[in-house]
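See structure below.
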Amino acid sequence: MTDPAAAPAASPSAESSPWWRSAVIYQVYPRSFADADGDGVGDLPGITARLDHLRDLGVDAVWVSPFYPSPQADAGYDVADYCDVDPLFGTLADAERLIDAAHQRGLKVIIDVVPNHTSDRHPWFQRALAAAPGDEVRDWYHFRSPDPDDPEAPPNDWPSEFGGSAWSKTPDGQWYLHLFDSSQPDLNWEHPPVREAFRDILRFWLDRGVDGFRIDVAHGLVKAPGLPDSGLTREELATSALPTHTAPYFDQDGVHEIYRDWRGILEGYPGERLMVAEAWIRPYDRIARYVRPDEHHQAFNFGFLGTAWDAQELREHITRSYAANDPVGAPTTWVLSNHDVVRHATRFGWPAESLVTQLDGTMPEPVRETGLRRARAATTLMLALPGSAYLFQGEELGLFEVLDLDPSVRQDPTFHRTDGDRLGRDGCRVPLPWEAEEPAFGFSPTGEAWLPQPDGFQELAVDQQAGVAGSTLELYRALLAVRRERGLGTGEMRFVDEPVVEATVDSQSVVAFDVTTPAGTTRVLLNLGPALPLPEDATVLVASGPLQDGTLPTDTAVWLAV
Ligand code: GLC
């Protein structure tokens, strides 16, 4: 481990830099953001109608999770047509209106591309099923004939990410591969027409003005030749320290050629268009390969997302992130929540030793107040770091994970494929509260909501927090405003070791760094230990919670002008 204090991170100044190097990007999960037509599922007109919330928050871009025609077996990550909009969410014209309305407000728009798999309802898969085994149209996917000696044995030992085997049988007895749900067959990226089809899909949306793409399962497209056994269960791979590419279905070298090809397509369009990789892989230097200058512009930093509430660990992950990305010239990204993990306001309410990002149903009851306090402090730390940051809808309200959803309303295939052993991701996807006194807290005009909202969301509604000093919403607004004023997200950061703090304080429980931009130096202090005296002459720019008699209380972060 390198010495954190010795690892300054450089990034160019805001003026010379493309927007995405320091952008704050807000993830909208369409079915849960805002429902304009009252059917209980959020939609594109709902997003458009609420864009002022994002403008007022002060983010730079919105990333919209999938809204394509889909049977919704995995909430839209099972795509049946990449170039249209599901009637559940609206029309193609609604998508175009959303892009325009966002642009009018100075917000960029990023959309999801799901290239690892399609829905089993996609015409490509339907066509393959209709053809005989061995027909060329089956080459779009990974079909295998059963072993005559053991017809019930899947072709290899690969696990589905959602539980069970990664192989299912077609009605004619062939096996097909699905790293996720059985309704999400994996495409065969060795087959040239698949590559050609996705080039057209990217162009379709670039022509409609999108500013970039989030690439779903970017590490999964290419499989090891011959699809050899993995020798590892999903849990073994997830809990070991092995590099992810030990598994023959993730992070294989062949994926990079695809992204170089796509980067060329993006470069052919005016403006600075972005690709961000969703690649859940280890270690950091393998992730950096996705953000080499001719590949993605960014990759999500899931190592940081999984960090425990521990000063040493936080410092290490920050240091390692920059150490991996700086050599390839890519900005580091920061993220604490998304639609696949336990909301950080809940995660941090668990004891450090049981902090997990996925729910197995055996978690202790989180302490909500501690979780929120730490979540606010973590976000305050994150938004000062050079690089780009991702926010997940509702975190600006301090929303918690809804842990007690009734099994009958749970929709995540993870829950059903594991017979409830894994609770799945519905708890972070509960519809947002906008107005406390309206039906469904303003989510839909009829009061319908595809997942029930807990009573506790009422007091967290946007209208309960807007303009209220000390609310989580006002904290986010202040952080983003000061970030903009001081050019944070750009500049150089350096950990501060010398006594920023009185000698009596254990600096092991403090994360302290300076960020220097043309606007000056901002000192960031995150205190995980006992109350910390602040320097007397410090100007407080923003704090994640109330200060007490000139001290920074535990689980609180502050930005100081120095
Ligand atoms: C990604 C998405 C997740 C989805 C999976 C399969 O991890 O973020 O929501 O279930 O891919 O598409």
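Residues in the stretch 303-320 that are of a type in the set (A, V, I, L, M) and closer than 19 Å to Val515 by Cβ: Ala311, Leu314, Ile318.
Among the residues of the stretch 343-351, are any closer than 23 Å to Ser22 by Cβ, at pLDDT 95 or above, in the same structural domain as Phe400 (by TED's automatic domain parsing) and in contact with a helix residue (DSSP H, G or I) (Cβ under 7 Å, 6 or more places away or on another chain)? Within the stretch 343-351 (the criterion being closer than 23 Å to Ser22 by Cβ, at pLDDT 95 or above, in the same structural domain as Phe400 (by TED's automatic domain parsing) and in contact with a helix residue (DSSP H, G or I) (Cβ under 7 Å, 6 or more places away or on another chain)), the answer is yes, since at least one residue qualifies.
Condition test on Ala80, is it in contact with a helix residue (DSSP H, G or I) (Cβ under 7 Å, 6 or more places away or on another chain) and either more than 14 Å from the ligand (Cβ to nearest atom) or farther than 25 Å from Ala466 by Cβ (or both)? Walk me through how you get there before you give the answer.
Values: in contact with a helix residue (DSSP H, G or I) (Cβ under 7 Å, 6 or more places away or on another chain): no; either more than 14 Å from the ligand (Cβ to nearest atom) or farther than 25 Å from Ala466 by Cβ (or both): yes.
No, not satisfied.
Among residues of the stretch 228-254 that are closer than 16 Å to Gly163 by Cα, those with a Cβ under 6 angstrom from a residue that is of a type in the set (Asp, Glu), sequence gap 6+ or separate chain, pair up as Ser230/Asp157. Looking only at the stretch 420-451, residues that are of a type in the set (D, E, K, R) and touching a residue at least 60 places away in the same chain (Cβ under 8 Å) come to 5 in all. Residues in the stretch 530-562 that are assigned to a strand (DSSP E or B), touching a residue at least 24 places away in the same chain (Cβ under 8 Å) and either surrounded by 15 or more Cβ atoms within 10 Å (Cβ to Cβ) or not aliphatic (A, V, I, L, M) (or both): Leu532, Pro533, Leu541, Val542, Ala543, Leu552, Thr556, Ala557, Val558, Trp559, Leu560.
Sort through Trp309, Trp334 and tell me the only one that's aromatic (Phe, Trp, Tyr), within 17 Å of the chain's Cα centre (by Cα) and more than 16 Å from the ligand (Cβ to nearest atom).
Residue meeting the stated conditions: Trp334.
Looking at (1) in contact (Cβ under 8 Å) with a residue 40 or more places away in the chain; (2) assigned to a helix (DSSP H, G or I), which one does Arg127 not meet, given that it meets all the others? Status for Arg127: all satisfied but (1).
I want to confirm something. Restricting to the stretch 83-133 and keeping residues that are over 30 Å from Asp172 (Cβ atoms) and either at pLDDT below 95 or polar (S, T, N, Q) (or both), which single residue is farthest from the ligand (Cβ to nearest atom)?
The extreme case among them is Gln104.
Looking only at the stretch 56-70, decide whether some residue is touching a Leu at 6+ places or on another chain (Cβ under 8 Å), within 16 Å of the ligand (Cβ to nearest atom), closer than 24 Å to Gly398 by Cβ and part of a helix (DSSP H, G or I). Steps first, answer last, please.
First pass over the stretch 56-70, keeping only residues touching a Leu at 6+ places or on another chain (Cβ under 8 Å): 57-62, 64, 67.
Checking the rest, the ones that are also within 16 Å of the ligand (Cβ to nearest atom) come to 64, 67.
Now restrict to residues that are closer than 24 Å to Gly398 by Cβ: 64.
Imposing the further condition that a residue be part of a helix (DSSP H, G or I) reduces the set to none.
No, the stretch 56-70 contains no residue that is touching a Leu at 6+ places or on another chain (Cβ under 8 Å), within 16 Å of the ligand (Cβ to nearest atom), closer than 24 Å to Gly398 by Cβ and part of a helix (DSSP H, G or I).
Check the stretch 418-436 and report whether any residue there is in contact with a strand residue (DSSP E or B) (Cβ under 9 Å, 6 or more places away or on another chain), part of a strand (DSSP E or B) and not hydroxyl-bearing (Ser, Thr, Tyr). Looking through the stretch 418-436, none of the residues is in contact with a strand residue (DSSP E or B) (Cβ under 9 Å, 6 or more places away or on another chain), part of a strand (DSSP E or B) and not hydroxyl-bearing (Ser, Thr, Tyr).
Given the criteria farther than 21 Å from Phe67 by Cβ, more than 16 Å from the ligand (Cβ to nearest atom), over 28 Å from the mean Cα position of the chain (by Cα) and not in a loop (DSSP other than H, G, I, E, B), does Arg138 qualify? If you could, list the steps in order and put the result at the bottom.
On the way: farther than 21 Å from Phe67 by Cβ: yes; more than 16 Å from the ligand (Cβ to nearest atom): yes; over 28 Å from the mean Cα position of the chain (by Cα): yes; not in a loop (DSSP other than H, G, I, E, B): yes.
Yes: the conditions hold for Arg138.
Listed conditions (1) modelled with pLDDT of 95 or more; (2) surrounded by 17 or more Cβ atoms within 10 Å (Cβ to Cβ) are all met by Leu359, apart from (1).
Tell me which residues, restricted to the stretch 243-285, are of a type in the set (Asp, Glu) and outside any helix (DSSP H, G or I). Of everything in the stretch 243-285, those that are of a type in the set (Asp, Glu) and outside any helix (DSSP H, G or I) turn out to be Asp251, Asp253, Glu272, Glu278. Looking across the stretch 353-392, the residues that are in a loop (DSSP other than H, G, I, E, B), of a type outside the set (A, V, I, L, M, F, W, C) and closer than 13 Å to Val342 by Cα come down to Thr357, Gln358, Asp360, Gly361, Pro366. Of all residues in the stretch 285-296, exactly one satisfies the criterion of being touching a Lys or Arg at 6+ places or on another chain (Cβ under 7 Å) and buried (at least 20 other Cβ atoms within 10 Å of the Cβ), namely Glu295. Of the residues in the stretch 185-196, at least one is within 16 Å of the ligand (Cβ to nearest atom), farther than 22 Å from Lys108 by Cβ and either assigned to a loop (DSSP other than H, G, I, E, B) or among the β-branched types (Val, Ile, Thr) (or both). As a summary of the residue check, Ile281 satisfies the conditions (1) farther than 20 Å from Val335 by Cα; (2) buried (at least 20 other Cβ atoms within 10 Å of the Cβ); (3) in contact (Cβ under 8 Å) with a residue 60 or more places away in the chain except for the one numbered (1). State all residues of the stretch 52-73 that are touching a strand residue (DSSP E or B) at 6+ places or on another chain (Cβ under 8 Å) and farther than 30 Å from Ser182 by Cβ; if no residue qualifies, say none. Leu54, Leu57, Gly58, Val59, Asp60, Ala61, Val62, listed by residue number. Asp74 meets each of the listed conditions (1) over 21 Å from Leu399 (Cβ atoms); (2) touching a residue at least 12 places away in the same chain (Cβ under 8 Å); (3) not in a loop (DSSP other than H, G, I, E, B) apart from (3). Of the residues making up the stretch 419-440, those that are under 19 Å from Asp406 (Cβ atoms) and either more than 16 Å from the ligand (Cβ to nearest atom) or surrounded by fewer than 16 Cβ atoms within 10 Å (Cβ to Cβ) (or both) are Asp419, Gly420, Asp421, Pro431, Ala440. Could you list, in sequence order, all residues of the stretch 151-164 that are away from the ligand (no atom under 12 Å from the Cβ) and of a type in the set (Gly, Ala, Ser)? Result: Ala153, Gly163, Gly164.
Among the residues of the stretch 165-183, write down those that are under 21 Å from Leu423 (Cα atoms) and away from the ligand (no atom under 15 Å from the Cβ). So that I can check it myself, show each step before the final result.
Quick first cut of the stretch 165-183, residues under 21 Å from Leu423 (Cα atoms) only: 165-166, 178-183.
Answer for the stretch 165-183, where residues must be under 21 Å from Leu423 (Cα atoms) and away from the ligand (no atom under 15 Å from the Cβ): just Ser165.
Taken over the stretch 189-221, the criterion of being crowded, with 19+ Cβ neighbours inside 10 Å and within 22 Å of Leu129 (Cα to Cα) is satisfied by Trp189, Val194, Phe198, Leu221.
Could you list, in sequence order, all residues of the stretch 443-491 that are among the charged types (D, E, K, R) and either assigned to a helix (DSSP H, G or I) or surrounded by fewer than 16 Cβ atoms within 10 Å (Cβ to Cβ) (or both)? Break it down into steps so the answer makes sense when it comes.
Looking only at the stretch 443-491, we keep the residues that are among the charged types (D, E, K, R), and these are 448, 455, 459, 463, 474, 477, 483-486.
Hits for the stretch 443-491 are Asp455, Glu459, Asp463, Glu474, Arg477, Arg483, Arg484, Glu485.
The values are calculated or read from the model by the stated rules, or taken from the named source; none is laboratory data. Treat the numbers as computed from the prediction; the structure is a model and nothing was measured. Cβ sites come from the backbone with ideal geometry, for glycine too, and all protein chains shown count toward neighbours.
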